[in-house]
Amino acid sequence: MKGVLIRSLSGLVYMALIVLPVVLRDPALFVTVFSVFIILGLREFAQLVNLNRTRPLRTFMDGLFGAFLFAAIFLYGTGRMDATIFAPYLFYVLYTMVRSLYSDRHKAGSDNSRTFMGHLYIAGSLGLGSLLLDPAGIGRQLAEGQQPDFMPHFFLAVFVLIWLNDTGAFIAGSLFGKHTLFKVISPKKTWEGFFGGLAFTIAGTFAAAHLYGSTKQPAELVLFALIVTAMATWGDLYESNLKRNAGVKDSGRIIPGHGGVLDRLDSAFFVFPAVYLYALVAGLS
């Protein structure tokens, strides 16, 4: 009973940290909260891929500049700053590569690759997701005199759909699961769970479309739900594969009862880039 209570409370705190900065429409708080997620997530990623960081300062700097990349994507993509915002990050990339010539040369290629792969995987994907918060971020023209503003419904809707997908997959998989989806990586995932998650996601997509007055046709909404479900599943499998290769059950223990930051955001790392591309091509409204 105590374990269930701890899991429930930590889950509520995690959800509040995602929802409140967006609902409050506070860009500074939003960037701060997700920067902390990114720093913690990159630390977990470094451990999973056995990144060779013998000095804590280097691990901290990797996380700090990953968070900076996220902030830069958000600030540039939403029209709050120009492209010069990326200059410090580019300097760090060059510094890291040059420094590797003078330290741990035999591991330079693999270490640098893992470092910047982590930045793209975690900070880059959440950065693209952050652009859903602003009309300018997804290619929509602002009216004359209109200032950048938060549109919380798109961003939060993606998280809600991911949670609905997880819930549907768990229920259907528990009740009807027989046919393994990807046995080598995740023996407990089943096709029945996948389609259960898809059903919940479709229902959530139609509900959101009705709530926000979307003009999308039913076929487009189903396609969108399928993209979310497929990418959420692949995102979960990708992180499961990282953990399997590292020989661990969870990416971390920062969220009691839930594991690490990567365990909570693994689906979002794949869903947000896909939804962003969908928004650019077909729009979201």
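Among the residues of segment 34-65, those that are within 16 Å of Ser125 (Cα to Cα), open to solvent by 20 Å² or more (accessible area, probe 1.4 Å) and β-branched (Val, Ile, Thr) comprise Val36, Ile39.
Restricting the first member to segment 51-63 and to residues that are assigned to a helix (DSSP H, G or I) and among the hydroxyl-bearing types (Ser, Thr, Tyr), and the second to residues that are at pLDDT below 85 and open to solvent by less than 100 Å² (accessible area, probe 1.4 Å), the beta-carbon pairs closer than 7 Å and six or more apart or on different chains are Thr59/Arg53. When Ser251, Ser214 are checked against the criterion of being at pLDDT below 95 and crowded, with 20+ Cβ neighbours inside 10 Å, a single residue qualifies: Ser251.
In segment 73-86 there is no residue that is among the acidic types (Asp, Glu) and either in contact with a helix residue (DSSP H, G or I) (Cβ under 6 Å, 6 or more places away or on another chain) or buried (at least 22 other Cβ atoms within 10 Å of the Cβ) (or both).
Scanning segment 192-211 for residues that are open to solvent by 30 Å² or more (accessible area, probe 1.4 Å) and not acidic (Asp, Glu) yields Phe194, Phe195, Ala199, Phe200, Ile202, Ala203, Phe206, Ala207, His210, Leu211. All conditions in (1) open to solvent by less than 70 Å² (accessible area, probe 1.4 Å); (2) in contact (Cβ under 8 Å) with a residue 12 or more places away in the chain; (3) of a type in the set (D, E, K, R) hold for Arg114, with the sole exception of (1). Selection of segment 32-48 for residues being of a type in the set (Ser, Thr, Tyr) and touching a residue at least 24 places away in the same chain (Cβ under 8 Å) yields only Ser35. Right, Val275: touching a Gly at 6+ places or on another chain (Cβ under 6 Å), at pLDDT 90 or above and over 23 Å from Gly173 (Cβ atoms) or not? It is false that Val275 is touching a Gly at 6+ places or on another chain (Cβ under 6 Å), at pLDDT 90 or above and over 23 Å from Gly173 (Cβ atoms).
The values are calculated or read from the model by the stated rules, or taken from the named source; none is laboratory data. Source: prediction; values computed, not measured. Here the Cβ is made from the backbone with ideal geometry for all residues, glycine too, and neighbour counts use every protein chain on show. Quick note on the areas: whole protein, heavy atoms, side chains included, nothing else; ligands and nucleic acids left out. Shrake-Rupley method; radii C 1.70, N 1.55, O 1.52, S 1.80 Å.
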